[in-house]
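Below is one structure, written out as structure tokens, with a few remarks after it.
The values are calculated or read from the model by the stated rules, or taken from the named source; none is laboratory data. Owing to the predicted nature of the structure, the values given are computational and were not obtained by experimental measurement. FYI the Cβ positions are ideal-geometry reconstructions off the backbone, even for glycines, and counts take in every protein chain you see.
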Amino acid sequence: MSLFKIGDRTLKSRLFLGTGKFGSNTEMEEAILASESELVTVALKRIDLETDTDAILNHLKHPRINLLPNTSGARNAKEAIFAAQLAREALETNWLKLEIHPDPKYLMPDAIETLKATEALAKLGFIVLPYIHADPVLCKHLENAGTAAVMPLGSPIGSNKGLKTIDFLEIIIEQSKVPVIIDAGIGAPSDAAKAMELGADAVLVNTAIAVAGNPKFMAEAFKEAVIAGRKAFEAKLGQQYKQAVASSPLTAFLYE
Amino acid sequence: METFKSVFGDYDWDTIQSKIYQTTTKQVEQALAKSKRNLDDFIALISPAATTYLEQMAQECHELTKKRFGKTIQMYAPLYLSNECQNICTYCGFSLDNKIKRKTLSDAEIKLEVESLKEAGFDHVLLVTGEANYTVNINYFLNAIEQIKNDFSTISVEVQPLSTEEYQQLHEAGVYSVLVYQETYHQEVYKKYHTKGKKSNFDFRLETPDRIGKAGIHKIGLGVLLGLEDWRTDSFFNTLHLDYLQKTYWQTKYSVSFPRLRPAEGIIEPNFIMDDKDLTQLICAYRLWNEDLEISISTRENENFRNNIIPIGVTSMSAGSKTNPGGYVVDPQSLEQFEISDERSAQEIAKIISNKGYEAVWKDNPYLVTSPQPSPKEREPKSKIVNHHSTI
């Protein structure tokens, strides 16, 4: 299975995890370790930046785990840029998952503010991974703005509805020059496998693991699903054969 | 500036060639089974192993083209403005070492040629020249375009490689598409055929479509001169180039042409022969790889092939073409770039197209904003508007 390069980093695991919604930090830690994920996103707003003994961060101190701070809660570019700078200082990483959602109910990403913030943050030296709608044109604009990857949603965040945007995800994967990470809505390991079979570079999962009856076991299931999906993609999936019934041959003239 | 050169550098001719020739029937079947195909699938589809699947490829090519472009063929005509050229290219009639009188059309001569094309029904013109930068340069082009822009709804150009700024000027003047062919992507072979002149600089030519893309030209046309090297390998590199351009200049449209080496004044024989079956396979492979690509067939091809290729993936055709400056009326005997093969008139071709159940589309207005804009009165009524476009 090929390694995955994003920004200046090479990763073995193509599964990214979120840290919200777990029953306890210990449960979260166990699940993350079981998933073998190397990139874990944490909401800056949940981290206590005043102490160096933050409860969440303490559970993430493992050599394999890289932190990906996110700007969850930011309502516009200005707030997101401010949060990003705080995160860089506190967590000593220029990696950033950019999330801007002015709407507190569905947490729908704001395309206009996200594009503005991506451009500004890329100029400030951030490795920006923006959370967005499955919008192929927006993805190309983000590429031009200097994004390191794109993170289109599969369905509304936290909905566990799977890949509702599949037709648009396929277009994004086909056109993208930067890694495509499917974020949000992945509700079951089969969704993750499907995303990988389509050719996504990675997936980010949070709710489906955090709220599972047994998060640790579910994390393992996702780990295996992501590997299986990626392997299937690299092995070149045999697809359903279309019936080719030639009504009248088009190439007969070549043999006359 | 990042250009195609950095992508191109990652690929090796011999490796690609052996990959193409080692393709198995299983790989071809896998590629055929897909609905979205990548560069690896393109390799499988142009391989010798795919030749036994040609009818199946043609059927899908037909369906995909019909779905995306409808049953229409866009009509265009080349207008050769000049055969002056400072390059030596051993396959081309315009080559500097051909000691034959040269001609560049004056304003009055352009007018006469344009009248003849308008009479034949054309509304899309492709301006063609050699490379003579002292006389036939951006100023000459801008002057010619200014003169003809109200006569044609679409102007394409196929001239020497220019700078980004010059392409911007063409864009602002109303040029819709620019065609530039790499001829061959085999660097050493390229050097052998292009022995003298600015064209001998392989890299400068290779990076030309990047400059066209940066300038915001609406459509870029690529192609290789089939006959200089192994067509399969060369076509892979052409596709690699298209793939890169599409991802980089994503607001641009793309077209591909398939010039097969034709007899011309003082030229050498092709090293590699590509027969009609090969060309059909190549057209199908392009379409199966890319549903949106515009595919053009010129009068280089023979009547029988042109008649039968209409329902297989083609989106635009030239007709009644002359490949010499002044060839339509002003100076029919001047030096031509190559001998055309299909000499039928535009109206005859339109009739063939119609007999095949297709419609010849003459006008296809791209909503270009040029400066200054002609007033609505000056514009002819729009007889037909379709949402796609064509060139060579």
Candidates B:L226, B:L170, filtered to the one that is of a type in the set (A, V, I, L, M) and farther than 22 Å from B:Y91 by Cα: B:L170
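Give me a count of the residues in the stretch B:3-12 that are part of a loop (DSSP other than H, G, I, E, B) and either over 22 Å from B:D210 (Cβ atoms) or in contact (Cβ under 8 Å) with a residue 40 or more places away in the chain (or both).
Kept after step one, since they are part of a loop (DSSP other than H, G, I, E, B), are these residues of the stretch B:3-12: B:3, B:9-12.
Next, only the ones that are either over 22 Å from B:D210 (Cβ atoms) or in contact (Cβ under 8 Å) with a residue 40 or more places away in the chain (or both) stay: B:3, B:11.
Residues meeting the conditions: 2.
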Some residue of the stretch B:14-28 being over 30 Å from B:S153 (Cα atoms), modelled with pLDDT of 95 or more and acidic (D, E): yes
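Conditions (1) on the phi < 0 side of the Ramachandran plot; (2) of a type in the set (V, I, T); (3) surrounded by fewer than 22 Cβ atoms within 10 Å (Cβ to Cβ), marked per residue:
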site	(1), (2), (3)
A:M108	yes, no, yes
A:Y131	yes, no, no
A:V137	yes, yes, yes
A:H141	yes, no, yes
A:T147	yes, yes, no
Members of the stretch B:295-316 found to be away from chain A (no Cβ under 13 Å) and under 23 Å from B:D230 (Cα atoms), listed by number: B:I295, B:S296, B:I297, B:S298, B:T299, B:R300
Every residue from the stretch A:33-60 that is modelled with pLDDT under 90 and part of a helix (DSSP H, G or I): A:L44, A:K45, A:R46, A:A55, A:I56, A:L57, A:N58
Residue among A:G199, A:G162 that is at positive phi, within 14 Å of chain B (Cβ to nearest Cβ), surrounded by 19 or more Cβ atoms within 10 Å (Cβ to Cβ) and within 16 Å of the chain's Cα centre (by Cα): A:G199
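Per-residue answers, yes or no, for (1) without any contact (Cβ under 8 Å) to a residue 40 or more places away in the chain; (2) crowded, with 22+ Cβ neighbours inside 10 Å:
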| site | (1), (2) |
| --- | --- |
| A:M1 | no, no |
| A:F4 | no, no |
| A:G7 | no, no |
| A:K12 | yes, no |
| A:L17 | no, yes |
| A:S24 | yes, no |
| A:E27 | no, no |
| A:E36 | no, no |
Some residue of the stretch A:228-245 being over 28 Å from B:L240 (Cβ atoms), in contact (Cβ under 8 Å) with a residue 60 or more places away in the chain and away from chain B (no Cβ under 14 Å): no
Failed item, numbered, when B:G216 is tested on (1) of a type in the set (G, A, S); (2) modelled with pLDDT under 95; (3) at negative phi: (3)
Lone unmet requirement of (1) away from chain B (no Cβ under 11 Å); (2) assigned to a helix (DSSP H, G or I) for A:E170: (1)
In the stretch B:333-357, residue modelled with the highest pLDDT [restricted to those that are within 30 Å of B:S95 (Cα to Cα) and aliphatic (A, V, I, L, M)]: B:A346
Conditions (1) part of a helix (DSSP H, G or I); (2) more than 10 Å from chain A (Cβ to nearest Cβ); (3) surrounded by 14 or more Cβ atoms within 10 Å (Cβ to Cβ): number failed by B:T15: (3)
Total residues in the stretch B:21-65, condition in contact (Cβ under 8 Å) with a residue 60 or more places away in the chain, part of a helix (DSSP H, G or I), more than 10 Å from every other protein chain (Cβ to nearest Cβ) and buried (at least 16 other Cβ atoms within 10 Å of the Cβ): 6
A:V150 being more than 30 Å from B:D278 (Cβ to Cβ) and modelled with pLDDT of 95 or more: yes
Test result for B:W250, without any contact (Cβ under 8 Å) to a residue 12 or more places away in the chain and either among the acidic types (D, E) or within 13 Å of chain A (Cβ to nearest Cβ) (or both): yes
All positions within the stretch B:279-337 that are within 22 Å of B:F122 (Cα to Cα) and among the β-branched types (V, I, T): B:I295, B:I297, B:T299, B:I309, B:I310, B:V314, B:T315, B:T323, B:V329, B:V330
Residues that are in a helix (DSSP H, G or I) and either touching a residue at least 24 places away in the same chain (Cβ under 8 Å) or within 26 Å of B:T299 (Cβ to Cβ) (or both), drawn from the stretch B:123-164: B:I138, B:Y140, B:F141, B:L142, B:N143, B:A144, B:I145, B:E146, B:Q147, B:I148, B:T164
